[in-house]
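The values are calculated or read from the model by the stated rules, or taken from the named source; none is laboratory data. From a predicted model like this one, the values you see are computed outputs, not experimental measurements. Every residue, glycine among them, receives a Cβ derived from its backbone with ideal geometry; neighbour counts consider all protein chains shown. Heavy atoms of the whole protein, side chains included, go into the accessibility calculation; ligands, DNA and RNA do not. Shrake-Rupley method; radii C 1.70, N 1.55, O 1.52, S 1.80 Å.
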Amino acid sequence: MTAILGAGISGLSAGYYLLKKGLPSPAVIYEASNRIGGWIRTDRFNEDGFVFEAGPRTIRPKGPAASNTLELIEEVGLADEVYPIYSNHVAARNRMIWANGKLNMLPSDLSGVLKTVPPFTKPLFFAGFRDLFAGRSKVPLEDESMYSFVERRFGKEIADYAVSAMLCGICAGDAKQISVKFLMKSLFEMEQKHGGVVKGMLKEAMNKKGKKNGEKETMSGLAKRAKSENWSIYSIHGGLQTLPDRLGTVLQKNGVTIETDVKFEEIGFDGDKVQLRVDGQERVVDHLISSIPSYKLAKRVSRQHPELSKELAAIPYVDVAVINLRYKRPDLQKHKGFGFLVPPIENLPILGVIFDSCCFDMDDNTVLTVMMGGAWFDKWFGKNHSDEHLLDVAVSYVNKILDIHQNPDAYKVHLLRKCIPQYVVGHQKRVDGIRAYIRDHKLPLGLCGASYDGVGVNDVILSARKCVDQHMISK
């Protein structure tokens, strides 16, 4: 039997992929909380026509990891429940950043790159020229911060306003700490190999020209539909919680046990078996897949494998406050789009605001989500993080930036402790070392989830699939 730690989207996906393999004994999933879904959490207010999302609310449809997610959605019978946002939708076209005391629209097409768009002081295509003449890094680099890389190659403005703001939205992280390999690994490798990003792109394009195409990406019917209809992002009717809920139903109907409210205490390895202490009882399984955060796993393996525990615990996490606001008026927003981000250089406690009711139909409501803290949570909130204070801060910046001068008619405050892992410089090397330790010690342990190979919904679902595939190979 295989046991899975965690019933978030990655743990549930691991259970599903194990089920597809047709193992003789169904898996069991242990979840410490009283619900499934992990950081995906939708609060539905169906009578009033809106939802609050505490975690992710949209998924990107492009790329191999995205195609894998769309295939999963189709296989569990949710294809007809997908809620796409097309590339011509206002939420796809309009993305903003708050800088220099105002909201600034980011370029969404080539024309915007060819002219000066605030807060930038020169056309963005100049950044490409800078890269062409910047030369190779003075010494070969194994890794560096995303901020350092972008500043070297494309200039300080791009690093301050574009990339730093983007990371606030993706992982609530500080670009001066996050590894360039988190989002720009291929660009970094091009620079190290060819002496520049643009040079590398041109050389690799020339090398590929005339060569036979490799294996084409296989796409499910839903992935083909997303491509043909030109989706920008998508969600699922009823909120993103619909996906883990459906996965849970499919798993339980097929004999997979999901135990919630579990007190998971310790892991021990004895030869090719795993000994678990769950709710004070000893349980023995053949293989263990952990989708829980690395720092939680670190505590459970520390007695028997302190070196592994140390490396798992070294992956840092940040706290994020998420404040959902609902106003009983549909016409409050003067700015239409997906929302806006706040670059750290602006020195504000908010990371950004999502315009939920611009993205999705929320009846006659204006619904916003304010994100705060992240890498700067302690700086701004310290010990003063009561729901009342977090709400006051969120509403004050909505009033100031969006010119909405009334109190919300409904709200929800979520303080998400240690919710997003930070892929700081050296993260990939650390993860490689963790997996090498597990392999060298022949531990029947697989890892998936946001701690290792990507923090997005697509990333963690694909990590579950790869983990299960590796599990089957090692058996």
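Pull up region 70-89, narrow it to residues that are open to solvent by 30 Å² or more (accessible area, probe 1.4 Å), touching a strand residue (DSSP E or B) at 6+ places or on another chain (Cβ under 7 Å) and not in a loop (DSSP other than H, G, I, E, B), then point me to the one that is farthest from Met371 (Cα to Cα).
Here is the first cut: in region 70-89, the ones open to solvent by 30 Å² or more (accessible area, probe 1.4 Å) are 71, 74-75, 77, 80-81, 83, 86-89.
Still in the list and also touching a strand residue (DSSP E or B) at 6+ places or on another chain (Cβ under 7 Å): 81, 83, 86-87, 89.
Keeping just the survivors that are not in a loop (DSSP other than H, G, I, E, B) gives 81, 83, 86.
Working: Glu81: 27, Tyr83: 23, Tyr86: 24 Å.
Out of the qualifying residues, it is Glu81.
Restricting the search to region 141-187, which residues are among the polar types (S, T, N, Q) and buried (at least 22 other Cβ atoms within 10 Å of the Cβ)?
Looking only at region 141-187, we keep the residues that are among the polar types (S, T, N, Q), and these are 145, 148, 164, 177, 179, 186.
Those that are among the polar types (S, T, N, Q) and buried (at least 22 other Cβ atoms within 10 Å of the Cβ): Ser164, Ser179.
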Checklist entry - Ser25 is checked against (1) of a type in the set (S, T, N, Q); (2) without any contact (Cβ under 8 Å) to a residue 40 or more places away in the chain; (3) over 29 Å from Val262 (Cα atoms) and fails just one. What number does that condition carry? => result (3)
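Scan region 95-125 residue by residue and report those that are among the charged types (D, E, K, R), without any contact (Cβ under 8 Å) to a residue 60 or more places away in the chain and not in a loop (DSSP other than H, G, I, E, B).
Here is the first cut: in region 95-125, the residues among the charged types (D, E, K, R) are 95, 102, 109, 115, 122.
Those left that are additionally without any contact (Cβ under 8 Å) to a residue 60 or more places away in the chain: 102, 109, 115, 122.
If the condition is that a residue be among the charged types (D, E, K, R), without any contact (Cβ under 8 Å) to a residue 60 or more places away in the chain and not in a loop (DSSP other than H, G, I, E, B), then Lys102 is the only one that fits.
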Item to check | So Leu462, is it open to solvent by 10 Å² or more (accessible area, probe 1.4 Å), of a type in the set (A, V, I, L, M, F, W, C), more than 21 Å from Gly374 (Cβ to Cβ) and within 17 Å of the chain's Cα centre (by Cα) | outcome: yes
Next on the checklist: I'd like to check something: does region 417-424 contain any residue that is open to solvent by 20 Å² or more (accessible area, probe 1.4 Å) and either more than 23 Å from the chain's Cα centre (by Cα) or on the phi > 0 side of the Ramachandran plot (or both)?
Outcome noted: yes
Checklist entry - Does Ala92 satisfy the criteria of being assigned to a helix (DSSP H, G or I), open to solvent by less than 50 Å² (accessible area, probe 1.4 Å) and more than 30 Å from Ser291 (Cβ to Cβ)? => result yes
Checklist entry - Among the residues of region 102-129, which ones are closer than 30 Å to Leu402 by Cα, open to solvent by 90 Å² or more (accessible area, probe 1.4 Å) and at pLDDT below 85? => result Leu110, Leu114
Checklist entry - Which number in (1) over 30 Å from Val180 (Cα atoms); (2) in contact with a helix residue (DSSP H, G or I) (Cβ under 8 Å, 6 or more places away or on another chain) marks the one condition that Pro349 misses? => result (1)
Checklist outcome for this item: Of the candidates His389, His335, the one satisfying the condition of being in contact (Cβ under 8 Å) with a residue 12 or more places away in the chain and not hydrophobic (A, V, I, L, M, F, W, C) is His335
Next on the checklist: Testing Leu132 on (1) crowded, with 17+ Cβ neighbours inside 10 Å; (2) in contact (Cβ under 8 Å) with a residue 60 or more places away in the chain, one condition comes back false. Which one is that?
Outcome noted: (1)
Item to check | Total residues in region 215-247, condition out of contact with any Phe, Trp or Tyr (no Cβ under 7 Å at 6 or more places or on another chain) and open to solvent by 50 Å² or more (accessible area, probe 1.4 Å) | outcome: 11
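Counting residues that are surrounded by fewer than 20 Cβ atoms within 10 Å (Cβ to Cβ), which strands (runs of 3 or more DSSP E) fully inside region 307-416 reach at least 1? Working first, answer last.
Details: elements: 317-327, 339-341, 350-355, 366-374.
Qualifying strands (runs of 3 or more DSSP E): 317-327.
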